Amino acid sequence: MTMQEKTKGSAPQLTPVDYTVKFGEFIGVGPNGNLFVDGCDVQVLAEKFGTPLYIISEKQLRYSYRAFRDAFRRHYPDVEILFANKSNNGLAIRHIMNQEGAGGDCFGAQEMYMALLAGTDARTLVLNGSNKQDEEIEMAAANGLCINIDAMDELDRIAAVAERLDVDVDVGIRLKLDLDPLRERHGVAMHGPGTLKQQSDSTKWGMNRAQTVEIVKRALAMPRIRLKETHFHLSRMSNEAADFAVMAREMITWSGYIRDNTGWTPPCIDIGGGWTFGKWYGTGPNSQLDDASAPTAEDYARLCAAAIKEEAERLGLPLPKLRLEPGRALSGPSGVAVGRVGAVKEGTSKKWVNLDLSTNHLSWAAVLDWYYHAVPVADAEAPATEQVDLVGPLCNSDEIGPHRTMPALKRGDFVAFLDAGGYTESSAARYNAQLLPATVLVSGTSAEIITEREQLRDVVGRFRVPARLLAGSFTPRS
Ligand SMILES: *Cc1c(COP(=O)(O)O)cnc(C)c1O
C-alpha cells in the first residue's frame, strides 16, 4: 500500500472557485468586489482577527501540492514530494501535507521535532544541514529520518550515535555538483553576482566527487549505516526549467561516477527545491520575474524526467526513485498577508501609504527585492489612479511595496499582498520590538487561528535585568 492510498480518506476533493478575477484557484475577487480567500471575505477576516495578518488557503495549498505531484508523476515512474517545512513551519500546514502524503525536508532540531510532533512518517523526512548538532543527529537516528551528510566528519558522528542507540540509520550525501553547462548562465540577483555555476560553487553546500566517493566507501563498511540517496538543491537561482534539467542530468552522471568508483549505485536522487510558480500579474525576484512565462510544474517535470532517463540510459543505470523538495511553489501561492492603512502622507515627489504590515513580516521584500503583488481588500478592482510607496512602520525605509499604482487609499482600508504563504511567517522578525502576526487558516467559509498573535509578554518576557543594575535605576544616589 502506498502512502497516497493510505491517506486518501482525509484528502478532500478540490473544485476551484469561480471568481470574477482569479489570483489563484482559491484566491480572487468575490461577488461583492472584495478580495476573497476561498469562501471568506478578507475584509471580514481582517476586521475579526486584526492586522497584520497572514491568511492561508487550505485548499490552495492542497491544490498546489497535487498539481506539482501529478506533473512529476505524469513523467516519472517513482516520485516522492518532500515539502520544505522551512517555507512555512505551521503545525496545521504540516498536518495538511501529511494528509496529502507529502514527506518533508527539515533543517535543525526544531523543524524535525515539529514534523514528528505533527505525525509525519519519519521515513519520508530528510534532515539537511551544514553543521548538524549531536542533538539533531540523535533525534534523526532515534526516529528513522534520512540524514543528508554534508561534512567529512559527519559519517563517524552518525555511526557513533547509531552504535550508542543500537539502531540502523539511513543516510544520503549532499553533493557539490560541477554544473559545467551552467558556467555561462546567469541567475537571479538574490543569489549574488556571477553565473549559476559560480553562485552554486560559492555556497557552503555539498561534498565534491572525491569526498563523496570516500564517504560511500566508508559507509558501505559500516554495519549500522544504510546508504539511501544523493541530494542537491539548486535553490531559486533561475526560472528556466532547462537549468534544473541540467542539474537533474548531472545527478545521474554522478550516480555513474559513484558506481564506477565504489560499486554502489544511489537508489534515490533528491533534487531539492527552488521550483517557482508564475502569476499573470507577476511575483518573485528581480521585480516580477515570475509572470505568466515562468515555468510550470509540468515544464520542470517534462524536462527533468527526460534528462534523468536519457542519462540513466546512456550510463546503463536503473532509474532511481526521484525525490523533490518544493517549498515556496507549494506554500507561496497559498497565502496572503494583510495590513491596515494608517497615515497617508504626501511629500515633494512621492506619496507614502503607511501600513501596520512591515518588512519584518515580508522580509524578502527588503532583503531580496522580492515583489509581492498588492491589492486593496475592499473594492479590489477599483481603478488604480495613483503612484504610491506602500511602507511599514519600522524605523528604516520599510518599503514593502515601492512604486505601486493603487486606487486612492485612506486610513482604515486594508491592503493584501498576494503569494505570501511561503517564507513570510517562517522568516518574520521582531525588529523595533514588533509583535509577530497571527495566521488564519481558511477552508470554505471557515477561518481558524493556526498561529496566535504574539503578545507583549512574549517580547518583554525573555529579557532579564541583572540584579546589580536594578538598584541604580530606582534608588537616588547621594
Ligand atoms: C530551501 C530548501 C528547499 C526549498 O526551496 P524552495 O525554493 O522553497 O523550493 C528545499 N531543499 C533544501 C535543501 C533547501 O535548503
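The values are calculated or read from the model by the stated rules, or taken from the named source; none is laboratory data. Keep in mind that what you see is a predicted model, and the values were worked out from it rather than measured. So basically every Cβ, Gly included, is an ideal-geometry build from the backbone, and we count neighbours across all protein chains shown.
Scanning region 332-349 for residues that are more than 16 Å from the ligand (Cβ to nearest atom) and either within 18 Å of ALA374 (Cα to Cα) or crowded, with 21+ Cβ neighbours inside 10 Å (or both) turns up VAL336, ALA337, VAL338, GLY339, ARG340, VAL341, GLY342, ALA343, VAL344. For region 32-68, the set of residues classified as free of Cβ contacts under 8 Å to residues at least 24 places away in the same chain and either surrounded by fewer than 24 Cβ atoms within 10 Å (Cβ to Cβ) or not assigned by TED's automatic domain parsing to the domain that holds GLY339 (or both) consists of ASN32, ASP41, VAL44, GLU47, listed by residue number. Selection of strands (runs of 3 or more DSSP E) fully inside region 33-107 by the criterion of at least 3 residues being modelled with pLDDT of 95 or more and of a type outside the set (Val, Ile, Thr) returns 53-57, 79-84, 103-107. Restricting region 267-304 to residues that are aliphatic (A, V, I, L, M) and crowded, with 22+ Cβ neighbours inside 10 Å leaves a set whose member that is nearest to the ligand (Cβ to nearest atom) is ILE271. Pairs meeting the criteria (first residue in region 135-146 and more than 13 Å from THR120 (Cα to Cα), second residue among the aromatic types (Phe, Trp, Tyr), beta carbons under 9 Å, at least 6 apart or on different chains) are MET139/TYR113.
Taking every residue in region 80-106 that is more than 20 Å from ASN128 (Cβ to Cβ) and pairing it with any residue that is among the aromatic types (Phe, Trp, Tyr) and at pLDDT 95 or above, at least 6 positions away or on another chain, the pairs with Cβ-Cβ distances below 8 Å are GLU100/TYR65. Of all the listed residues (ASP150, ASP178), the sole one being within 27 Å of the chain's Cα centre (by Cα), closer than 20 Å to ALA210 by Cβ, away from the ligand (no atom under 14 Å from the Cβ) and at pLDDT 95 or above is ASP178. Kindly indicate whether any position in region 251-264 is more than 16 Å from the ligand (Cβ to nearest atom), assigned to a helix (DSSP H, G or I) and either of a type in the set (Phe, Trp, Tyr) or at pLDDT below 95 (or both). Checked region 251-264: at least one residue is more than 16 Å from the ligand (Cβ to nearest atom), assigned to a helix (DSSP H, G or I) and either of a type in the set (Phe, Trp, Tyr) or at pLDDT below 95 (or both).
Kindly list the number of the only condition in (1) within 16 Å of the ligand (Cβ to nearest atom); (2) farther than 25 Å from ASP243 by Cα; (3) among the small types (Gly, Ala, Ser) that fails for ALA329. Among (1) within 16 Å of the ligand (Cβ to nearest atom); (2) farther than 25 Å from ASP243 by Cα; (3) among the small types (Gly, Ala, Ser), the lone unmet condition for ALA329 is (2).
Table: residues versus (1) in the same structural domain as ALA337 (by TED's automatic domain parsing); (2) touching a strand residue (DSSP E or B) at 6+ places or on another chain (Cβ under 6 Å); (3) more than 21 Å from GLY392 (Cα to Cα).
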| site | (1), (2), (3) |
| --- | --- |
| SER443 | yes, no, yes |
| GLU448 | yes, yes, yes |
| ARG468 | no, no, yes |
| THR475 | no, no, yes |
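Screening the candidates LEU324, LEU390 for the property of being within 16 Å of the ligand (Cβ to nearest atom), crowded, with 24+ Cβ neighbours inside 10 Å, at pLDDT 95 or above and not small (Gly, Ala, Ser) yields one hit, LEU324. Just so you know, in region 222-242 the residues that are away from the ligand (no atom under 12 Å from the Cβ) and either part of a loop (DSSP other than H, G, I, E, B) or among the aromatic types (Phe, Trp, Tyr) (or both) include one that is nearest to VAL188 (Cα to Cα), and it is GLU240. The number of residues in region 322-340 being over 30 Å from GLY172 (Cβ atoms) and touching a Pro at 6+ places or on another chain (Cβ under 9 Å) comes to 4. Summed over region 108-120, residues that are part of a loop (DSSP other than H, G, I, E, B) and surrounded by 18 or more Cβ atoms within 10 Å (Cβ to Cβ) total 2. Across region 11-31, the number of residues qualifying as charged (D, E, K, R) and crowded, with 19+ Cβ neighbours inside 10 Å comes to 1.
Restricting attention to region 90-107, the residues that are buried (at least 18 other Cβ atoms within 10 Å of the Cβ) and over 26 Å from GLN13 (Cβ atoms) total 2.
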